[in-house]
Amino acid sequence: MGKRKSRAKPVKKRVEKLDTVFTCPFCNHGRSVECRIHKEEMVGSAVCYICKARFDTNITTLSEAIDIYSEWIDECERVNKRHCPIDMH
């Protein structure tokens, strides 16, 4: 009779945390924009500590810091597209 094969414990997957600090779209300083989530007011804010640029947006319960920063970048692109009617592509 042989010995029973022992089972290896399952390897835990590492869940990488999402960034909360980003590059400012106005002054281009790396890691100068911090995104904060205020769940009580359901508002997210992104603030650059170098040039004091600020963006506030409504959030949901599933929103993360990257979502706030992405909305800021999208809004910057919308504003730039509105002021520059010539398509560069």
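Coordinate-derived values only; no laboratory data. For clarity, every value in this text was computed on a predicted model and none was experimentally measured. When we count neighbours, we look across all protein chains shown, and the Cβ atoms used for this are built from the backbone with ideal geometry, even at glycine.
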Given the criteria free of Cβ contacts under 8 Å to residues at least 40 places away in the same chain, loosely packed, with under 10 Cβ neighbours inside 10 Å and among the aliphatic types (A, V, I, L, M), does V11 qualify? yes
Of (1) surrounded by 10 or more Cβ atoms within 10 Å (Cβ to Cβ); (2) without any contact (Cβ under 8 Å) to a residue 12 or more places away in the chain, P25 satisfies every one except (2)
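This table checks each residue for (1) over 16 Å from the mean Cα position of the chain (by Cα); (2) assigned to a loop (DSSP other than H, G, I, E, B).
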residue	(1), (2)
R4	yes, yes
K12	yes, yes
R36	no, no
I50	yes, yes
T61	no, yes
Go through the residues of the range 14-21 one by one and say whether even a single one is of a type in the set (S, T, N, Q) and either within 18 Å of C76 (Cα to Cα) or assigned to a strand (DSSP E or B) (or both). no
Just to be sure before I move on: is K12 out of contact with any His (no Cβ under 9 Å at 6 or more places or on another chain), on the phi > 0 side of the Ramachandran plot and charged (D, E, K, R) in the structure I sent? no
All but one of (1) touching a residue at least 24 places away in the same chain (Cβ under 8 Å); (2) not in a loop (DSSP other than H, G, I, E, B) hold for R78; which doesn't? (1)
